[in-house]
1. Go through 56, 30, 44 for me and flag whichever is closer than 24 Å to residue 129 by Cβ and either surrounded by fewer than 22 Cβ atoms within 10 Å (Cβ to Cβ) or assigned by TED's automatic domain parsing to the domain that holds residue 130 (or both).
2. Based on what the data block shows, is residue 63 closer than 23 Å to residue 290 by Cα, in contact with a Phe, Trp or Tyr (Cβ under 7 Å, 6 or more places away or on another chain) and within 16 Å of the ligand (Cβ to nearest atom)?
3. Do we have residue 269 as within 21 Å of the chain's Cα centre (by Cα), closer than 26 Å to residue 322 by Cα and either open to solvent by 60 Å² or more (accessible area, probe 1.4 Å) or among the hydrophobic types (A, V, I, L, M, F, W, C) (or both) here?
4. Just one of 136, 171 is open to solvent by 30 Å² or more (accessible area, probe 1.4 Å), over 30 Å from residue 19 (Cα atoms) and under 18 Å from the mean Cα position of the chain (by Cα); which is it?
5. Residues in region 80-96: is at least one open to solvent by 20 Å² or more (accessible area, probe 1.4 Å) and free of Cβ contacts under 8 Å to residues at least 24 places away in the same chain?
6. Could you identify the single residue in 162, 154, 141 that is over 16 Å from the mean Cα position of the chain (by Cα), on the phi > 0 side of the Ramachandran plot, open to solvent by 20 Å² or more (accessible area, probe 1.4 Å) and not β-branched (Val, Ile, Thr)?
7. Does residue 168 qualify as being in contact with a Ser or Thr (Cβ under 6 Å, 6 or more places away or on another chain) and modelled with pLDDT of 95 or more?
8. Go through region 206-231 and give me each residue that's open to solvent by less than 50 Å² (accessible area, probe 1.4 Å), within 15 Å of the ligand (Cβ to nearest atom) and hydroxyl-bearing (Ser, Thr, Tyr).
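The values are calculated or read from the model by the stated rules, or taken from the named source; none is laboratory data. Since we're looking at a predicted model, the values are computed, not measured. Here the Cβ is made from the backbone with ideal geometry for all residues, glycine too, and neighbour counts use every protein chain on show. Side chains are part of the model used for accessible areas, which takes the heavy atoms of the whole protein and leaves out ligands, DNA and RNA. Shrake-Rupley method; radii C 1.70, N 1.55, O 1.52, S 1.80 Å.
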Amino acid sequence: MEHLRVISGSANRSLAEEIAKTLKIKLTPIEFKRFSDGELYVRILESVRGADVFVIQPTSPDANLNLMELLITIDAIKRSSPKRITALMPYYGYARQDRKNKPREPITAKLVAKLLEAAGVNRVITIDLHVAQVQGFFDIHSDNLDLIPICVEHILRRKLDHLVFVAPDVGGAPRARFVAKVLHAPIAIIDKRRSEGSGKVIVENIIGEIKGKTCIMVDDMIDTAGTITEAASLLKRKGAKEVYVYATHAVLSGSAIDKLKKSQIKEIVLTNTIEIPKSKRIKKIKIISVAPLLSEIIKRSHDGTPMGVFYENMYKRLGKIMKKC
Ligand code: R5P
């Protein structure tokens with residue numbers, strides 16, 4: 001670990017501290033300043049010469065500010081002769097802008113990848129990208145970690161019966177199918193669209209059998225919570241017994257918390273890829289920490305030990321738990 005340095009941006013300091021504690025190292029000190037015109041200033045306060053540097057920064061709200069801070073931090077490190085820089089982005093903002101839906105639209109997910117490369121990153125680690133294809137936007141090495149084994153273990157421990165995994169929209173079907181496959185459970189898919197002007201979520205049809213079943217919706221993120229709360233109401237209207245939600249990224253913008261409180265969802269399991277402030281930690285929300293996973297990934301990436309083996313072991317462990325259930 002001698003040449004390992006972990007630096008935290010300001011977007012999710014508590015996750016970085018948890019990771020450093022697990023790795024039994026200290027976070028490399030860093031100074032952030034904001035000038036009165038809004039410009040950012042960053043300085044690394046210890047040498048990173050010859051070091052393998054990991055910068056932890058989700059580009060969560062305020063996405064633009066956090067992204068800019070990450071780029072400036074990378075530039076500061078790059079100018080200090082490190083051996084390698086890895087941007088560890090637990091949440092990769094702008095991933096939903098991954099294609100042109102209308103003429104003259106940008107593909108911002110690709111632009112962000114280009115900005116990171118231009119700033120001097122050698123490698124990027126993300127978690128549960130909105131769509132896995134975003135990985136292809138990088139010409140440098142990138143890893144997208146999936147949290148499926150962690151979710152499945154959590155679900156197994158609940159000992160729920162008559163499960164059906166529900167994708168809240170067609171795009172989420174591969175994610176739901178993957179979890180369902182591990183647990184040998186059926187899936188259902190909700191036919192979701194957004195109204196042209198307001199972007200309001202409209203859900204009308206469900207493909208699959210959900211009547212009398214315990215529905216577990218899986219999604220990459222909860223942003224305004226429109227998708228999952230509307231989907232949960234539809235599931236209940238169509239006879240679902242209970243609705244649980246597993247989502248990775250707690251964007252929770254606008255009136256999300258209010259909607260979740262009033263929703264038909266029994267419990268929402270989120271992770272700390274994005275820091276969830278105390279004011280948003282309502283009773284229905286349970287949080288799983290990704291720090292143990294990220295610490296192991298940092299360790300393996302630093303030593304050059306394969307990550308695939310780590311995932312294989314996780315699935316083997318799951319197999320054993322499943323046999324006991
Ligand atoms: C959509 O394709 C995503 O997977 C999420 O379902 C969506 O972005 C969640 O957004 P919101 O919570 O604002 O409906």
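1. Step by step, each of 56, 30, 44 is checked, and only 56 is closer than 24 Å to residue 129 by Cβ and either surrounded by fewer than 22 Cβ atoms within 10 Å (Cβ to Cβ) or assigned by TED's automatic domain parsing to the domain that holds residue 130 (or both).
2. yes
3. Taking the combined requirement at face value, the residue satisfies it.
4. 171
5. no
6. Among 162, 154, 141, only 162 is over 16 Å from the mean Cα position of the chain (by Cα), on the phi > 0 side of the Ramachandran plot, open to solvent by 20 Å² or more (accessible area, probe 1.4 Å) and not β-branched (Val, Ile, Thr).
7. yes
8. Those that are open to solvent by less than 50 Å² (accessible area, probe 1.4 Å), within 15 Å of the ligand (Cβ to nearest atom) and hydroxyl-bearing (Ser, Thr, Tyr): 227, 229.
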